[in-house]
1. Give me a count of the residues in segment 91-108 that are in a helix (DSSP H, G or I) and either exposed (fewer than 13 other Cβ atoms within 10 Å of the Cβ) or modelled with pLDDT of 95 or more (or both).
2. Testing residue 147 on (1) outside any helix (DSSP H, G or I); (2) surrounded by fewer than 12 Cβ atoms within 10 Å (Cβ to Cβ), one condition comes back false. Which one is that?
3. May I ask you to list the residues in segment 15-44 that are touching a residue at least 24 places away in the same chain (Cβ under 8 Å) and under 13 Å from the mean Cα position of the chain (by Cα)?
4. Please determine, by comparing only the residues of segment 46-67 that are touching a helix residue (DSSP H, G or I) at 6+ places or on another chain (Cβ under 9 Å) and over 25 Å from residue 26 (Cβ atoms), which one is surrounded by the most Cβ atoms within 10 Å (Cβ to Cβ).
5. Any idea which of (1) at pLDDT 95 or above; (2) more than 23 Å from residue 124 (Cα to Cα) is the one residue 37 doesn't satisfy?
6. Does at least one position in segment 67-76 carry a residue that is part of a strand (DSSP E or B) and farther than 23 Å from residue 107 by Cα?
C-alpha cells in the first residue's frame, strides 16, 4: 500500500457576523471550543489549540491530507454555527462572518502560535480584532482590501 504522509499546520481566524459579541460568557465560549474541537477531530484535523473570545476564534490545527482548506472551514463554521444555536434563545441569531483568514505555520513556529492562540483573552484587552487581523495579514505578507478586514 502506498504512503502519502503529510503534516500541515494551519492558523485559522474568523469572526462572528458583524463581530457581534455572541460568545461573551465562559459557558458559551467553552461550549463553542468543544464544538470546534469535535468537528476538527471528526474531519481528521487535530486541534492543537483553539482560542474563543466574544466575537471571533483562532484555531491552530493540522490539515488532513483528505480535505481542502475551504472545505475544512466550511464544515467548521457551518456545523459549529448550527450547534451553538441550539444552546439557548439568545443564540438563535448566531452566525459567522462570510470570510476567514488562514495562515500556514511551520513546525518551528508551532509553540509560539499555540501560545498566541491560548492567550487571546489577554491579548484582546489591548488590541481590537480588526487591528489584530491587520497585523497578522501584514506579518504573513498577505495582500488585503481594507474594506473587508474582519468582514
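The values are calculated or read from the model by the stated rules, or taken from the named source; none is laboratory data. All values derive from a computational prediction rather than experimental measurement. So basically every Cβ, Gly included, is an ideal-geometry build from the backbone, and we count neighbours across all protein chains shown.
1. So the answer is 2.
2. Result: residue 147 fails condition (1) only.
3. 15, 16, 29, 32, 35, 36, 39, 40
4. Taking segment 46-67 first, the residues touching a helix residue (DSSP H, G or I) at 6+ places or on another chain (Cβ under 9 Å) are 46-64, 67.
Cutting the leftovers down to over 25 Å from residue 26 (Cβ atoms) gives us 62-64, 67.
On the way: 62: 17, 63: 21, 64: 16, 67: 15.
Of everything passing the filter in segment 46-67, 63 is surrounded by the most Cβ atoms within 10 Å (Cβ to Cβ).
5. (2)
6. No, segment 67-76 contains no residue that is part of a strand (DSSP E or B) and farther than 23 Å from residue 107 by Cα.
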